[in-house]
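Engineer: The structure's right below; bear with me while I get my questions together.
The values are calculated or read from the model by the stated rules, or taken from the named source; none is laboratory data. Predicted model, so just to flag it, every value in this text is computed and none were measured. Don't worry about glycine lacking a Cβ; one is built from the backbone with ideal geometry, like all the others, and counts go over all protein chains shown. For accessibility, only protein heavy atoms count, side chains too; no ligands or nucleic acids. Shrake-Rupley method; radii C 1.70, N 1.55, O 1.52, S 1.80 Å.
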Amino acid sequence: MYILLIIILYLISGPVDCTDVIGFSGGSVIMISDIQWKSSHNKYICKMEQSVCNDIIRFHSPSIQVQYKRFILYGNTRGAFLVLIRKLKPQDAGTYRFGVEDQRNYTVNLKVRNDASYGVSKIINAYLGQNITMTCKYPGEYEKNIKYVDTLDDETNIKNIIKTQTTTENSRFSISDDRSAKVLSFNISDVKEADEVFYLFGVWNKVDAVGYYSYFTEIHLHVTGETFYF
Ligand SMILES: *[C@@H]1O[C@H](CO)[C@@H](O)[C@H](O)[C@H]1NC(C)=O
Ligand SMILES: *[C@@H]1O[C@H](CO)[C@@H](O)[C@H](O)[C@H]1NC(C)=O
Ligand SMILES: *[C@@H]1O[C@H](CO)[C@@H](O)[C@H](O)[C@H]1NC(C)=O
């Protein structure tokens, strides 16, 4: 009887596949699904309002990415379907469905936390060759999580730069996590022109089939050509 009940509960909840995704107002989220990006099919993301799912993006094109305002759908190098939502707003909270038409889709419930301490967007200026430190405060609930620094360039390519709890040698990048102060420090030595990108600070979560990065801070590094010798 008990097992039957579990099976029934599974049948009720199973196919819905609704995952909670937690983001921060002003921050970004990247959801990574196991759906295969298919250039021959329509890709979409829509937001549920009552029982209707209103399209935000629906497109058919061989292109590997499409952007509408703060929403970007793209396939990564492994052919997985990704959703990036930038500069989250409280009103973005809600239920979204995304996927490939006639193939698969997922439904996620996006929650947007509104806290002035996070979701901060900053610009930092640096000179070529300089050593710099970027710091950001993170939510206390993520004290034990591994934190990631990823970059986003103008073409919205995402790259993992570094994460905590790993040792890096012979790298221009280093990171430290002050768990008592809940502050992350990220260093770049010998700044190069190519370092002029957006740096996203966040954590990785995986619930069910959809994993996501939730970024609480974004820093844009602006590199100035002039080199100063001290
Ligand atoms: C989502 O996928 C389910 C099956 O997994 C399918 O029944 C449903 O029609 C799909 N919804 C959309 C909007 O594509
Ligand atoms: C980052 O640079 C600062 C200032 O030079 C230094 O005190 C700190 O130890 C460095 N942190 C890491 C993780 O390398
Ligand atoms: C920058 O950092 C590198 C490596 O940590 C160090 O060798 C170099 O002396 C530093 N340069 C300056 C200007 O502080």
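Engineer: Within segment 22-55, how many residues are closer than 25 Å to Thr151 by Cβ and crowded, with 16+ Cβ neighbours inside 10 Å?
Structural biologist: Result for segment 22-55: 16.
Engineer: I would also like to ask the following. Given the condition open to solvent by less than 60 Å² (accessible area, probe 1.4 Å), closer than 15 Å to Val223 by Cβ and within 16 Å of ligand 2 (Cβ to nearest atom), answer yes or no: does some residue in segment 134-154 qualify?
Structural biologist: Yes, segment 134-154 contains a residue that is open to solvent by less than 60 Å² (accessible area, probe 1.4 Å), closer than 15 Å to Val223 by Cβ and within 16 Å of ligand 2 (Cβ to nearest atom).
Engineer: Next question. For segment 61-102, give me the residue count where each residue is out of contact with any strand residue (DSSP E or B) (no Cβ under 7 Å at 6 or more places or on another chain), open to solvent by 60 Å² or more (accessible area, probe 1.4 Å) and over 24 Å from Asn114 (Cα atoms).
Structural biologist: Total meeting the criteria: 5.
Engineer: Let me ask something else about it. With Asn54, Asn131 as the choices, which residue is polar (S, T, N, Q), modelled with pLDDT of 95 or more and either under 18 Å from Asn205 (Cβ atoms) or assigned by TED's automatic domain parsing to the domain that holds Phe198 (or both)?
Structural biologist: Step by step, each of Asn54, Asn131 is checked, and only Asn131 is polar (S, T, N, Q), modelled with pLDDT of 95 or more and either under 18 Å from Asn205 (Cβ atoms) or assigned by TED's automatic domain parsing to the domain that holds Phe198 (or both).
Engineer: Kindly list, by first and then second residue, each pair from a residue in segment 98-119 that is among the basic types (Lys, Arg) to a residue that is more than 8 Å from ligand 1 (Cβ to nearest atom) and open to solvent by 60 Å² or more (accessible area, probe 1.4 Å), limited to pairs with Cβ atoms under 7 Å and residues at least 6 apart or on different chains.
Structural biologist: If the second residue must be more than 8 Å from ligand 1 (Cβ to nearest atom) and open to solvent by 60 Å² or more (accessible area, probe 1.4 Å), the pairs left are Lys111/Asp20.
Engineer: Next question, about the same structure. Exactly one of (1) more than 19 Å from Asn205 (Cα to Cα); (2) in contact with a Leu (Cβ under 8 Å, 6 or more places away or on another chain) is unmet by Cys46. Its number?
Structural biologist: (2)
Engineer: Which one of the conditions (1) away from ligand 1 (no atom under 16 Å from the Cβ); (2) basic (Lys, Arg); (3) open to solvent by 50 Å² or more (accessible area, probe 1.4 Å) does Arg58 fail to meet, given that it meets all the rest?
Structural biologist: (1)
Engineer: Another question, then. Take segment 159-177 and flag every residue that is open to solvent by less than 70 Å² (accessible area, probe 1.4 Å) and touching a Ser or Thr at 6+ places or on another chain (Cβ under 7 Å).
Structural biologist: Selection gives Ile161, Ile162, Thr168, Arg172, Ser174, Ile175, Ser176, Asp177.
Engineer: Restricted to segment 179-196, and to residues that are over 19 Å from Thr217 (Cα atoms) and open to solvent by 60 Å² or more (accessible area, probe 1.4 Å), which residue is nearest to ligand 2 (Cβ to nearest atom)?
Structural biologist: Selected residue: Asp190.
Engineer: Another question, then. Report yes if some residue within segment 76-91 is in the same structural domain as Ser25 (by TED's automatic domain parsing), under 17 Å from the mean Cα position of the chain (by Cα) and over 22 Å from Ile158 (Cα atoms); otherwise report no.
Structural biologist: Yes, segment 76-91 contains at least one residue that is in the same structural domain as Ser25 (by TED's automatic domain parsing), under 17 Å from the mean Cα position of the chain (by Cα) and over 22 Å from Ile158 (Cα atoms).
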